[in-house]
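The values are calculated or read from the model by the stated rules, or taken from the named source; none is laboratory data. Worth saying up front: this structure is predicted, and the values here are computed from it rather than measured. Cβ coordinates were reconstructed from backbone atoms using ideal geometry, including for glycine residues, and neighbour counts include every protein chain displayed.
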Amino acid sequence: MLKVKSVASLANHVVGNIGLYYVCYRLSKRGWNVMPTSRNARGIDVLIYSQDASRTHTVQVKALSKTAPVPLGTNLDRLFGDFFVICRKAVTDAPECFVLLPKEVKERAHRGVKDGKVSYWLQPKDYAVDAYRENWERIGSGLSLGTGAVQQRDEADEARDG
């Protein structure tokens with residue numbers, strides 16, 4: 001196994017890839033067909049669809065090497081998709097994921113101004129809570145479950161749409 005001298009020695013895009021593929025792994029284990037998008041594209045990072053292709057969702061992933069605020073950029077209008085997954089401690093043997101809706105991220109975002117420039121951040125106290133921690137049930141299962149799948153789809157859509 002490759003030993004890395006320190007987490008700091010990993011480039012941000014490598015941490016991002018680790019987090020992205022860890023989230024893909026977790027979604028695959030729940031029965032979703034998972035398709036990561038191009039890493040240099042803005043917007044969603046993952047498209048998922050159920051085994052019977054009756055349900056689809058889009059996911060944005062933010063990966064962190066440690067517990068830290070999540071950078072959201074200069075405009076919250078760039079947050080879209082059905083789900084927002086934060087994968088922190090991505091480079092460890094035990095990454096930790098938090099599953100949020102984009103509207104929850106927007107509601108909890110911290111606005112900062114430095115040297116006249118605006119940026120948005122999501123503080124750990126606002127995302128690292130039990131309601132979001134490893135809560136993959138918010139996305140549901142990608143397995144075809146007959147009428148249960150329809151109920152699950154309705155519940156997931158209701159949670160997303162508020």
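Inspect all residues belonging to the stretch 7-26 and state whether any of them is in a loop (DSSP other than H, G, I, E, B), in contact (Cβ under 8 Å) with a residue 24 or more places away in the chain and in contact with a Phe, Trp or Tyr (Cβ under 8 Å, 6 or more places away or on another chain).
No, the stretch 7-26 has no match at all.
Using beta carbons and a limit of 6 Å, which pairs, at least six apart or on different chains, have the first residue in the stretch 32-56 and in contact (Cβ under 8 Å) with a residue 40 or more places away in the chain and within 16 Å of Y22 (Cα to Cα) and the second one of a type in the set (S, T, Y) and assigned to a strand (DSSP E or B)?
N33/Y49
So which of I48, I44 ends up being touching a His at 6+ places or on another chain (Cβ under 6 Å) and not charged (D, E, K, R)?
Of I48, I44, the one residue that is touching a His at 6+ places or on another chain (Cβ under 6 Å) and not charged (D, E, K, R) is I48.
Filter the stretch 81-95 down to residues that are under 11 Å from the mean Cα position of the chain (by Cα) and not β-branched (V, I, T) and give me whichever is farthest from V46 (Cα to Cα).
Step one: filter the stretch 81-95 for residues under 11 Å from the mean Cα position of the chain (by Cα), giving 81-88.
Now drop any that are not not β-branched (V, I, T), which leaves 81-84, 87-88.
Numbers: G81: 9, D82: 10, F83: 10, F84: 10, C87: 14, R88: 17 Å.
Ranking the candidates gives R88 first.
Could you check V113 against (1) part of a loop (DSSP other than H, G, I, E, B); (2) more than 13 Å from the chain's Cα centre (by Cα) and say which number it fails?
Condition (1) is where V113 drops out.
Filter the stretch 29-58 down to the residues that are small (G, A, S) and within 30 Å of D115 (Cα to Cα), then identify the one that is surrounded by the fewest Cβ atoms within 10 Å (Cβ to Cβ).
Of everything passing the filter in the stretch 29-58, A41 is surrounded by the fewest Cβ atoms within 10 Å (Cβ to Cβ).
Looking at the stretch 79-102, can you tell me whether even one residue there is modelled with pLDDT under 95, more than 20 Å from W136 (Cα to Cα) and touching a strand residue (DSSP E or B) at 6+ places or on another chain (Cβ under 8 Å)?
no
How about the stretch 109-134: which of its residues are within 30 Å of K29 (Cα to Cα) and loosely packed, with under 15 Cβ neighbours inside 10 Å?
Within the stretch 109-134, Q123, K125, V129, D130, A131, R133, E134 qualify.
Quick one: how many residues across the stretch 64-86 are crowded, with 19+ Cβ neighbours inside 10 Å and touching a residue at least 40 places away in the same chain (Cβ under 8 Å)?
The qualifying residues number 8.
In this structure, is V61 in contact (Cβ under 8 Å) with a residue 24 or more places away in the chain, assigned to a loop (DSSP other than H, G, I, E, B) and surrounded by 15 or more Cβ atoms within 10 Å (Cβ to Cβ)? Spell out the reasoning first.
Details: in contact (Cβ under 8 Å) with a residue 24 or more places away in the chain: yes; assigned to a loop (DSSP other than H, G, I, E, B): no; surrounded by 15 or more Cβ atoms within 10 Å (Cβ to Cβ): yes.
The answer is no for V61.
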